[in-house]
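**Student:** First, the structure itself, so that you have it in front of you.
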Amino acid sequence: MADECASEELDSYSVSAHVGALFIVLACGGLGATLPAISHHVPRLRPQDDVLTFGNFFGAGVVLATALIHMIMPAIENLTNPCLGAAAEVYEALPLLIVLVSILAMQALEFVLALHLRRGAKRVPMGAGDALPAAMATAAAAPAAGSVQERRHHHQHGMDLGDKNARLTVTVLLFEMGVALHSVIIGVSLGVVSGDSFATLLAALVFHQFFEGFALGSAVAQTDPTLCTTVTTIAAFALSAPVGTAIGIGVRSSFNENATATLWLLGVFEAISGGILIYTGLVELITYGLTLNPRFTGKDARACSMAAAFAGMYMGAAAMSIIGKWA
């Protein structure tokens with residue numbers, strides 16, 4: 001047991017190759033996140049609706065597969081590792097319990113947010129357009145000559161849009177937190193790996209970060225963000241894996257992936273991140289975005305849009321599932 005849990009010696013480790021890998025991962029993650037997000041700010045680059053739909057739900061599939069295969073599976077492996085000794089046997093389902101608590105915490109947070117937004121909207125006078133979000137202000141500015149019912153309809157519609165944007169914004173922030181934590185962890189793995197495994201992990205990580213970035217960029221674009229928000233979000237994600245790689249390079253001589261503290265830290269973080277992404281993928285991106293979306297279920301729904309949504313979702317999930325073989 002002692003030998004199995006000891007740190008492994010580095011095999012032909014190249015600092016220059018790892019530094020180069022850091023910048024490669026940075027570029028790929030940034031590119032993946034930028035492609036879907038930039039179309040929101042540059043109308044000429046905006047693709048056709050069905051292409052955009054495909055991209056958005058490709059991201060949803062990526063999120064779901066990332067949570068299950070790239071986060072929860074490693075969390076289970078880390079928190080049930082024999083190197084933890086008796087601690088790993090006290091409660092075998094601990095990794096999934098952490099995932100469950102994370103999911104419930106996400107639901108509670110969204111509930112509190114929705115409650116706060118609804119109560120706040122009730123305190124805003126119907127004519128007070130200045131105090132409303134942009135979408136709500138537009139609805140509140142309906143002509144006074146209209147009926148009371150029409151004004152109420154416009155106001156309620158504005159409230160719904162405001163609620164949706166606020167909910168999506170919080171969801172994206174939590175989504176990025178989960179993805180960033182995961183990216184730092186796999187970045188550390190890249191920083192400490194050596195030998196033949198280095199090239200394999202780097203190749204897998206390039207696609208991994210590109211697809212995760214694409215998923216994040218697609219989600220950001222749906223929140224109607226400012227340019228500053230878009231740049232900040234993309235930069236934070238793009239830097240997460242390289243930061244992890246830099247940490248890995250720095251601690252490569254002393255790093256032991258089977259150390260008790262390392263297993264606990266990585267396992268708990270991966271489980272929390274997995275729970276966040278499970279909720280985000282199933283509830284926010286798939287249920288709200290597809291299953292309950294009138295655009296796809298209403299009487300005017302287009303078959304091409306539905307096909308693009310499902311094709312994108314399945315292909316995104318398949319792509320990240322395949323990459324899970326190596327990263």
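**Student:** What's the number of the condition F58 fails, among (1) of a type outside the set (V, I, T); (2) in contact (Cβ under 8 Å) with a residue 12 or more places away in the chain; (3) over 20 Å from A327 (Cβ atoms)?
**Tutor:** For F58, the exception is condition (3).
**Student:** Is it the case that some residue within region 185-206 is under 30 Å from A105 (Cβ atoms), of a type in the set (G, A, S) and either modelled with pLDDT under 90 or assigned to a helix (DSSP H, G or I) (or both)?
**Tutor:** Yes: region 185-206 contains one or more residues that are under 30 Å from A105 (Cβ atoms), of a type in the set (G, A, S) and either modelled with pLDDT under 90 or assigned to a helix (DSSP H, G or I) (or both).
**Student:** Output yes when any residue across region 207-216 is in contact (Cβ under 8 Å) with a residue 60 or more places away in the chain, touching a helix residue (DSSP H, G or I) at 6+ places or on another chain (Cβ under 8 Å) and over 21 Å from G324 (Cβ atoms), and no when none is. If you could, list the steps in order and put the result at the bottom.
**Tutor:** Restricting attention to region 207-216, the residues satisfying the condition of being in contact (Cβ under 8 Å) with a residue 60 or more places away in the chain are 207-216.
Keeping just the survivors that are touching a helix residue (DSSP H, G or I) at 6+ places or on another chain (Cβ under 8 Å) gives 207-216.
Next, only the ones that are over 21 Å from G324 (Cβ atoms) stay: none.
Checked against the condition, which is being in contact (Cβ under 8 Å) with a residue 60 or more places away in the chain, touching a helix residue (DSSP H, G or I) at 6+ places or on another chain (Cβ under 8 Å) and over 21 Å from G324 (Cβ atoms), region 207-216 yields no hits at all.
**Student:** Let me ask something else about it. Which of the residues belonging to region 64-76 are farther than 20 Å from L285 by Cβ, surrounded by fewer than 24 Cβ atoms within 10 Å (Cβ to Cβ) and touching a helix residue (DSSP H, G or I) at 6+ places or on another chain (Cβ under 8 Å)?
**Tutor:** P74, I76
**Student:** Starting from region 75-94, keep only residues that are at positive phi, then list their pairs with residues that are part of a helix (DSSP H, G or I) whose Cβ atoms are within a distance under 8 Å, requiring at least 6 positions of separation or different chains.
**Tutor:** Close Cβ pairs satisfying both conditions: G85/T260.
**Student:** Hey, another quick one. Can you pull out every residue in region 34-53 that is surrounded by 22 or more Cβ atoms within 10 Å (Cβ to Cβ) and either over 16 Å from the mean Cα position of the chain (by Cα) or assigned to a loop (DSSP other than H, G, I, E, B) (or both)?
**Tutor:** Selection gives T53 alone.
**Student:** On to the next question. Would you please list the contacts, defined by Cβ atoms under 6 Å and residues six or more apart or on different chains, that run from a residue in region 229-252 that is touching a residue at least 12 places away in the same chain (Cβ under 8 Å) to a residue that is of a type in the set (S, T, N, Q)?
**Tutor:** Cβ pairs passing all conditions: I234/T34; S240/S183; A241/S183; A241/Q209.
**Student:** Does region 39-52 hold any residues that are among the aliphatic types (A, V, I, L, M) and in contact (Cβ under 8 Å) with a residue 12 or more places away in the chain, and which are they?
**Tutor:** We begin by selecting, within region 39-52, every residue among the aliphatic types (A, V, I, L, M); these are 42, 45, 51-52.
Within region 39-52, V51, L52 qualify.
**Student:** Residues I103, I72: which one is touching an Asp or Glu at 6+ places or on another chain (Cβ under 9 Å), modelled with pLDDT of 95 or more and closer than 22 Å to A219 by Cβ? Spell out the reasoning first.
**Tutor:** On the way: I103 fails: touching an Asp or Glu at 6+ places or on another chain (Cβ under 9 Å).
Going through I103, I72 in turn, just one is touching an Asp or Glu at 6+ places or on another chain (Cβ under 9 Å), modelled with pLDDT of 95 or more and closer than 22 Å to A219 by Cβ: I72.
**Student:** While we're on this one: Taking the options P242, P225, name whichever one is in contact with a His (Cβ under 9 Å, 6 or more places away or on another chain) and surrounded by 20 or more Cβ atoms within 10 Å (Cβ to Cβ).
**Tutor:** Values: P242 fails: in contact with a His (Cβ under 9 Å, 6 or more places away or on another chain).
Matching residue, one of P242, P225: P225.
The values are calculated or read from the model by the stated rules, or taken from the named source; none is laboratory data. Small disclaimer: the values here were computed from a predicted structure and weren't measured. With ideal geometry, Cβ positions are generated from the backbone for all residues, glycine too; neighbour counts draw on all protein chains shown.
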